[in-house]
Structures are given as C-alpha cells and as structure tokens.
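Everything below concerns the one structure shown next.
The values are calculated or read from the model by the stated rules, or taken from the named source; none is laboratory data. Since we're looking at a predicted model, the values are computed, not measured. Virtual Cβ from ideal backbone geometry, glycine too; neighbours counted across all protein chains shown.
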Amino acid sequence: MDPRRNPYSPGAGSQPLELAGRAELIERAAVALDRIRAGRAARSFILYGLRGVGKTVLLNRIRLDAEARGLASVAVEAPEGRSLPAVLIPNLRAALVRLSALQHGRSAFAGALKALAGFARALKVKFNDIEVSMDIAPSVGVADSGDLDFDLAALFKTIGEAAKKRELALVLYLDELQYVAEPQLAALITALHSVAQDQLPVTMVAAGLPQLAGQMGRAKSYAERLFEFHELGPLDDSAARDALIVPARQEDAAFEDAALVEILAQTQGYPYFLQEWGKHAWDLAPQSPIREKDAKLATITALAELDASFFRVRFDRLTPTEKQYLYAMAQLGPGAHRSGDIAEKLGKKVSTVAPIRATLIAKGMAYSPAHGDTAFTVPLFDGFMKRIMGG
Ligand SMILES: Nc1ncnc2c1ncn2[C@@H]1O[C@H](COP(=O)(O)OP(=O)(O)O)[C@@H](O)[C@H]1O
Ligand SMILES: [Mg+2]
C-alpha cells in the first residue's frame, strides 16, 4: 500500500499514532503530578524497562499532557558519561527564563536564577564538563557551597518556593536516568526528597533501563517512598492489536486476523517491533486488508532490516569475548540465565567470566533481573545472536 500513507512510526522516541495499553499509567501519572502541584502527598513515577518498550514516548506523553494542564517542564536526556549538573544547568536555566518571562513571574524567579548561577559557579571546579555562562550575578550563600548534595537541595528549595508563590509546578523529565552516576543520583533523590517534605511543587518523572530500579535503591533507600516504580514490558494481546489496528483504521485500512496473529507471535508484543512489523506489512501488502501472507513477508524483511541496523549497531560495539558471552546466553534461550550456566556453556569458571558480564551490563547490553541472573536488554537479541554467530 502507499508508503506515503504508512501510519507506523518505528524508531527511538518516535511518537506512535496509538499509544496502546498505557492509558491507566498516563492517568495515574497525571493525578500524581496534579497532587504535587497542589502541595498534596503523592509519589511521582519512575518508568523502567528494556529498550523499545516505549519509555521515552510515554514520558513525552506524560509531559505533554502535564504542559497542557499548565505544569512547567524541564526535559533532559542523560547522555552517557556526562555529569548531571552539566546537563541539568542549561535546561533548568532555560525553564527558569521561560517562567520569569511569564506575567508576574520575573520577581519570583529572579532569585531562583541567581541561585542557579551560584550553583553553576560553585560546581564548575568539581565537574569540569559544565559549559554554561550565566549572564546573571549569583546570589552569595545560596546553593554555592560546592557540595552537590547540599547545593542541589538548596537550589530545588529556592525554585520550589518561587513556583509555589506563583502557583506553578516544575517537573523534571529525565530520560536514560541509568546513565547518571550513583553519587549524583543520590544527590538528586535527596534534593527531591527534601522538596517533597516541604510540600514544594518540584518533582521528577524519569525513565531508564531495568538496572535503574536497583541503582536508585542503592543510591537512597527511601527512593521507594518517593517514587512509584513501574516496569514497562511488552503489550498484552489486546493492546498489541490496538497498536496495529488503530493507526491502520485512520487510513481506512484493516488487518485479517491471521495477519495479526502472525505479527503478535513474531514481535511478542514489544512496542518497537510492532511498529516495525506494521510498517513492513503495510508497505508489502498490495491492498487492504493486510493478509497473513503479507505479515509473513514482513517478518522476513523486518528481521533482515533489524539484523542490519538495530541489532547490528549493538553487536558492533562488542569485543570478541563479549560476543561469545552473549552467544552462550542466546544458546541457553531467551530470558534470564544463571551466571553458572553461562560460564559452563563457555567452558570457563564463573569468576573468570565475571568481568565480561560486568562490561556487558555497563554497556547496557545485559542486566541482572535478580541476583546472579543475566538477561538481554534488547528483546529478540538472542535470535539475532544465533543467526549471526551460529552460521
Ligand atoms: N504503547 C505503545 N503503543 C504503540 N507503539 C509504541 C508504544 N510505546 C512505544 N511504541 C513504539 O515503540 C518504539 C520505541 O519507543 P521508545 O519510547 O523509543 O522506547 P524506549 O524509550 O523504551 O526505548 C517507537 O517506535 C514507538 O512508536
Ligand atoms: Mg528511550
């Protein structure tokens, strides 16, 4: 069918036409944020899950809905290897400038901007990747001790008080939070905890890979009291069908049931793969309805494309020993495997291969769903490893 009208949107962070199966979470997040704005007790959200389950698009949706209700945003994606202050400062600055441009906002947020200037200046020595020039004189003695824990809490408090005065709320949306180093994560949680205790309207909604839940717990044991942790996974049968059917319907097209069954079986309901299969099936089908035969062809072309791109770029970042480790996991099948079983498959001792496992986790290729277990962070990667290594 006409590729110009293809309604699917595969790709990291591409907003789908139908954000299927997440309505309840969207509503609960909205309730939590509105309660926080009103100075009432509520836990904000941490979304975690594998690559391609839809964390970024859900985070964006929660943000856009909140903006429509008048909540102010600071949206940040944590890059690998940069300090939290380095990414936070310019984005906070932009948000505060926007807020102070609002009617009557100037006086309330001028103090917060000064505190931010002091914060940036004091931390420049410690984090040498801070590259921001604040065109404002810092206020002396506020958030400028040079100690991140202390200063971030003081900064959030100043911002929170200004926001409260203006009956506003400021929400930080932090994507890829697993890349923030644990001491900085601890400082962030401490700061959010202290504004929550003062019932000030500053909070965070965050997303990250599965290891994030453990990292936050280690960083601060009270993270669980501050946040609801929601694991995002594959869509259930009816949501996965909606993810395919609803966009097609908008273009007056439909699927035969057997085509849906084929796509659901192949993608296991993973949102990113549903978009890929939907896109391929649409392009391959001569006309609506999309038939089983079209879906089967889509499996071949979608997998070939994933093998050449999505899976391949991840594979290319691996050393030969890391590839062997993941191949051993793949041979054991999808899901989590005991370190002992993987080592045995490799014919090595657990202690010998432990460093390889550690670098795979650091690279975001594997994670530990439970102590001593290892699993792939990329769905269907086991199949790819077998295709590429197995011959
Ligand atoms: N609930 C959903 N329904 C349909 N498609 C979705 C859904 N969530 C995500 N997607 C699609 O999945 C892909 C990956 O989404 P993304 O948010 O980038 O995942 P993550 O951040 O978890 O890696 C995108 O193509 C997006 O359109
Ligand atoms: Mg993402």
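The table that follows gives values for the structure above.
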{"quantity": "Within the range 341-351, tally of residues that are part of a helix (DSSP H, G or I) and free of Cβ contacts under 8 Å to residues at least 24 places away in the same chain", "calculated": "7"}
{"quantity": "Qualifying residue in the range 253-261 (condition: touching a residue at least 40 places away in the same chain (Cβ under 8 Å) and closer than 20 Å to Ala12 by Cα)", "calculated": "no"}
{"quantity": "Residue in the range 146-158 that is among the acidic types (Asp, Glu), at positive phi and outside any helix (DSSP H, G or I) present", "calculated": "no"}
{"quantity": "Residues (in contact with a Gly (Cβ under 9 Å, 6 or more places away or on another chain) and more than 6 Å from ligand 1 (Cβ to nearest atom)) located in the range 3-41", "calculated": "Asn6, Pro7, Tyr8, Arg37"}
{"quantity": "Of residues in the range 43-64 being among the basic types (Lys, Arg) and near ligand 2 (Cβ under 9 Å from one of its atoms), the one modelled with the lowest pLDDT", "calculated": "Arg51"}
{"quantity": "Matching residues, the range 352-368, being free of Cβ contacts under 8 Å to residues at least 60 places away in the same chain and assigned to a loop (DSSP other than H, G, I, E, B)", "calculated": "Lys363, Met365"}
{"quantity": "Residue list for the range 211-253, restricted to those being surrounded by fewer than 15 Cβ atoms within 10 Å (Cβ to Cβ) and touching a strand residue (DSSP E or B) at 6+ places or on another chain (Cβ under 8 Å)", "calculated": "Glu231"}
{"quantity": "Scan of the range 1-44 for residues that are free of Cβ contacts under 8 Å to residues at least 60 places away in the same chain and β-branched (Val, Ile, Thr), ordered by number", "calculated": "Ile26, Val31"}
{"quantity": "Segments classed as helices (runs of 4 or more DSSP H), wholly inside the range 1-108, with at least 3 members that are closer than 22 Å to Ala240 by Cβ", "calculated": "23-37, 55-68"}
